[in-house]
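All remarks here apply to the structure that follows.
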Amino acid sequence: MLFLFLVILSFGGLGIFYINRLSSDAGMILKDNHISLEYCNHMLKALDALPDDRNKALALFEKNLELEEGNITEPGEQEATWETRTLFEQLKKDIPGFQNYRQLRRAIYQIEDVNQIAIVHKNQVALNTASRATLYLTAIVVILSIVAFTFVLSFPGIISGPIKALSEGIKEIANKNYSKRIDLKQKDEFGELAAAFNKMAEKLDEYEHSNLAQIKFEKGRIEAIINKMNDAIIGFDERRRILFLNSSAEKLFGLAENEIAGKYAPDIALENDLLRTILQEGGKEPLKIIANNKESFYSKELLEIKTDETIGGNVIILRNITPFRERDNAKTNFMATVSHELKTPIFSIKMSAQLLKDKRIGELNTEQSDILRSMEGNADRLLTITGELLNLSQIETGKIELTLKRVRPEVIVFRAIQAIQAFALQRKVIIRQMIESGLPEIQVDEEKTAWVLINLLTNAIKYSSDGGIVEVYGKKANDSVEFSVRDYGRGIDQQYLPHVFDKYYKVPGGFEKTGTGLGLSISKDFIEAQGGRIQAESQFGEGSVFSFKLGFAI
Ligand code: ADP
């Protein structure tokens, strides 16, 4: 833009300068010489009018001569004018006797000649100026055209060159070639941009190199840890292609990582039973795997790899839980044996206590009777505990034996209330029965269902305050009968409620020392084994409702 401005300015300036020069040259000719010719012309006409029109002619001559005297511009013009003046003065004095007309005319012609020569000369000067102007302007046009032409040719390059260099640089950076630099020597905005780009690339380069080594080191460490783990770990990408297997997984699946990495998992699973099993949904139950003629148990855990809220694949961890299983089985067997073995001696203690009470054997004093009652109470509690432990071992070994038969719901409620009547009396708790009349028969194991209801009632009484009320409901719910036990005791805090059916779980903060935390867990197993459902609702400080549903007999 600056260049174009300069072109216009110089061209215009030069043009104006020469036009002015030419016009001043022409003005000079007009002012200095042409007008003198006019005066001479008028003087000659005045001479021709003599002697007839004398006064008028003399006045005309006088006037033009005075004007000419005021316009002397050329060398020699002064002398000729003086001569004209001298001769004219002579003429004025004596017109009839004036003899020097020829001389006067020559003097006037002399003025004319001098001016005409000057006109020719000045015209030549003007012509020279014009041709110089043409020459200079043409030269300038040619030079400027050449400059403009080369500028036009190279202009796109000037603009696009740096842009191209910059865009190539950006592409290289996008391809992670952080060693790329742009070499622009310009000092304009492009130069600044290139310098900023180079600085950025330098920083990225530094960052890449400092981090890469760190990341490689960390990766190696994590790989080593994963490989050393006893759990079998297998990773998949989001398109279910196998990413990696650790050494435990290689052994377990009988596959080599380098052979299957990157392959579509379901394809490999076609020929690998174990992989097929673990790829299937579910997997809450431990997997039984027979390897090296040994039965092993694995629990499956599926972890999703999330990057920025999108799932980038997943990892399956197979944890070897065989040692835990073995210990658990040993515990269950031990529990079953001990509780079974304890039953007989406890019974015999109970029998002995009953015999002692017999008056035929001998009278007991009050203190002895109290001791005996406490002995019986403890023996009963021991029996309950051993009973629960036996039930649990049955459940854990998957050996719940059900004796299903058609039973009237009222019978179960009646049996349960009978069983806990003494305990309720002891705690002065009133039990209210709210059984709908005409309930249909249900298909259940009477013993176990009564056991569950007894357990719920025992809890309800246990956690009610002395003199409280416990209600037993029996009502129809769709195609089943719902039994509920409601108490107005201390209730259960919401945060503990979901755990009450867990094995050995006791709500924290309870004051009772008795209880194994097994009752509700066994109840749940018994009800579910019969195809029913059990649930708990409670408000802390207001009481609880435990209920279970069992299907009608068909
Ligand atoms: P336990 O044999 O110790 O009573 P349960 O499995 O029967 O074990 O009960 C688990 C826990 O649930 C108990 O420790 C008790 O804290 C709580 N619980 C059960 N029933 C009630 C109830 N009706 N009111 C308040 N808490 C209860």
task: Within the range 312-364, track down each residue that is more than 27 Å from LEU383 (Cβ to Cβ), open to solvent by 40 Å² or more (accessible area, probe 1.4 Å) and in a loop (DSSP other than H, G, I, E, B).
output: GLU363
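Residue-by-condition table, conditions (1) touching a residue at least 40 places away in the same chain (Cβ under 8 Å); (2) open to solvent by 80 Å² or more (accessible area, probe 1.4 Å); (3) not basic (Lys, Arg):
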| position | (1), (2), (3) |
| --- | --- |
| LYS63 | no, yes, no |
| THR73 | yes, no, yes |
| GLY76 | no, no, yes |
| GLU79 | no, yes, yes |
| THR84 | yes, no, yes |
| LEU87 | no, no, yes |
| ASN100 | no, no, yes |
| GLN103 | no, no, yes |
task: Could you give me the residue pairs with C-beta distances under 6 Å whose first residue belongs to the range 5-17 and is within 22 Å of ALA130 (Cβ to Cβ) and among the aromatic types (Phe, Trp, Tyr), whose second residue is assigned to a helix (DSSP H, G or I) and open to solvent by less than 80 Å² (accessible area, probe 1.4 Å) wherever it lies, and which are 6+ apart or on separate chains?
output: none
- prompt: What do you reckon, is VAL481 surrounded by 14 or more Cβ atoms within 10 Å (Cβ to Cβ), more than 8 Å from the ligand (Cβ to nearest atom) and on the phi < 0 side of the Ramachandran plot?
  reply: yes
message: Taking the criterion of being closer than 23 Å to GLY377 by Cα, over 60 Å from the mean Cα position of the chain (by Cα) and within 16 Å of the ligand (Cβ to nearest atom), would at least one residue in the range 440-456 satisfy it?
response: no
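Yes/no per residue for (1) open to solvent by 90 Å² or more (accessible area, probe 1.4 Å); (2) closer than 30 Å to PHE11 by Cα; (3) part of a loop (DSSP other than H, G, I, E, B):
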position: THR138; (1), (2), (3): no, yes, no
position: LEU144; (1), (2), (3): no, yes, no
position: ALA148; (1), (2), (3): no, yes, no
position: VAL152; (1), (2), (3): yes, yes, no
position: PHE155; (1), (2), (3): yes, yes, no
position: ILE158; (1), (2), (3): no, yes, no
position: LYS164; (1), (2), (3): yes, no, no
position: LYS185; (1), (2), (3): yes, no, yes
- line: If you go through SER369, SER374, SER393, the only one that is polar (S, T, N, Q), more than 30 Å from GLU285 (Cα to Cα), open to solvent by less than 60 Å² (accessible area, probe 1.4 Å) and part of a helix (DSSP H, G or I) is SER369
- line: Within the range 500-546, residues open to solvent by 50 Å² or more (accessible area, probe 1.4 Å), within 15 Å of PHE483 (Cβ to Cβ) and within 11 Å of the ligand (Cβ to nearest atom) come out as LYS524, GLU537
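The values are calculated or read from the model by the stated rules, or taken from the named source; none is laboratory data. What you see is a predicted model; the values in this text were computed from it and never measured. Positions of Cβ are generated from backbone atoms using ideal geometry, with glycine treated the same way; all protein chains shown enter the neighbour counts. Quick note on the areas: whole protein, heavy atoms, side chains included, nothing else; ligands and nucleic acids left out. Shrake-Rupley method; radii C 1.70, N 1.55, O 1.52, S 1.80 Å.
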